[in-house]
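First up is the structure itself, then whatever we jot down about it.
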Amino acid sequence: MEKIVSLAKRRGFIYPGSEIYGGLSGTWDYGPLGVELKNNIKNLWWRMFVQNRDDIYGVDAAILMNPEVWKASGHVGGFSDPLVECKKCKRRFRADQAGKKCAECGGAYGDVRQFDMMFKTQIGAGDETSSTTYLRPETAGGIFVNFKNIVDSFHPKLPFGIAQIGKAFRNEIAPRDFLFRSREFEQMENEYFVREGEWKENFE
């Protein structure tokens, strides 16, 4: 993996995020060739799954949504990973990937606890008037909340799909595997609805 990351940087595809300031784990910047490659993939996917079909409708939903969306979907209070912290060096690891002792210092772990993977943010001018919401952890939420809008605007016959390409964010405990487990990423998602209120995933 290190050789791939190094090659991608040298050739101008992917750079570590904020590198000149020490970086930020789990973040990556696309260089000139990387952004062209990413856009080519997105455009090909959009043509194949939206433009070339008459039963798929494209949307581009907001990243920030009413927090009730994430409560209804079960993400609030349920979108978490098991976390352990080393009692000695205080380094944190995913419990399901940690060894018997801390890989950094050999110390013992504390109790397993759940770590909320959603990024919280505040909307509003000040602490007294602001409210808490989240950066979306997936793009499907924007698809589901626009189901009725698509039905009202286009009157599609069931079954039909709604597609979206967009950013999603997950506060990973231990980002790893290059672009495959990062904190900020892009999803291409298509949810297919067979009966009102019922759906199945066809493509992702």
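The values are calculated or read from the model by the stated rules, or taken from the named source; none is laboratory data. Values in this document were obtained by computation on a predicted structure and should not be read as measured data. Neighbour counts run over all protein chains shown; Cβ positions are idealised from the backbone, glycine included. Please note that ligands, DNA and RNA were not included when accessible areas were found on the heavy atoms of the full protein model with its side chains. Shrake-Rupley method; radii C 1.70, N 1.55, O 1.52, S 1.80 Å.
If you wrap a convex hull around the alpha carbons of the range 124-177, what volume per residue comes out, as a whole number of Å³? Intermediate results must be reported in sequence, preceding the final value.
On the way: hull volume 8.1 nm³, N = 54.
Measuring per residue, one finds 150 Å³ for the Cα hull of the range 124-177.
Shape call for the range 1-90 from the C-alpha gyration tensor, a ≥ b ≥ c root eigenvalues: rounded (a/c under 1.5), prolate (a/b greater than b/c) or oblate? The shape class here is oblate.
Using alpha carbons only, the radius of gyration of the chain set against its Kirkwood radius gives Rg/Rh = 1.02.
Peptide packing: for 17-23, 168-174, the average count of neighbouring Cβ atoms within 10 Å per residue gives the ranking 168-174, 17-23, highest mean first.
At 1.4 Å probe radius, can you tell me the per residue accessible area of the range 6-154 in Å²?
63
For a Förster distance of 45 Å, can you work out the FRET efficiency between the beta-carbons of residue 40 and residue 155, rounded to the nearest 0.05?
Values: r = 34 Å, r/R0 = 0.75.
Computed FRET efficiency for residue 40 and residue 155 comes out at 0.85.
Quick check: at a probe of 1.4 Å, how many percent of the accessible area of the range 83-133 sits on carbon and sulfur atoms? Provide the component values of the computation, followed by the final result.
Numbers: 1660 of 3560 Å².
Here it works out to 47 percent.
I need the Debye-formula profile for the range 68-156: one equal scatterer per C-alpha, no solvent, reported as log10 I(q)/I(0) at q = 0.10, 0.16, 0.21 1/Å, two decimals. For the range 68-156, the Cα-only Debye profile gives -0.46, -0.81, -0.98. Estimated at the nearest 10 Å², the accessible area of residue 44 is 90 Å² with a 1.4 Å probe.
Which net charge results when you count Lys and Arg as +1 and Asp and Glu as -1 among the other residues whose beta-carbon is under 10 Å from that of residue 107?
On the way: positive: 87, 88, 90, 91, 101; negative: 85, 104.
With Lys, Arg at +1 and Asp, Glu at -1, the net is +3.
So for the range 56-96, Kirkwood radius off the Cα pairs, Stokes-Einstein at 10 °C and 1.306 mPa s: how many µm² s⁻¹? Provide the component values of the computation, followed by the final result.
On the way: Rh = 13.5 Å.
Rounded, D is 117 µm²/s.
Each stretch of four or more DSSP H residues adds -39500 (n - 2.57); spread over every residue of the chain, this sum gives -6000 deg cm²/dmol at 222 nm. Taking only the Cα atoms of the range 70-116, the radius of gyration and Dmax are 12.8, 41 Å.
In plain terms, if you count all Cα to Cα distances in the range 28-75 and split them into 5 Å steps from zero, the share in each step is 4, 16, 13, 13, 16, 20, 15, 3 percent.
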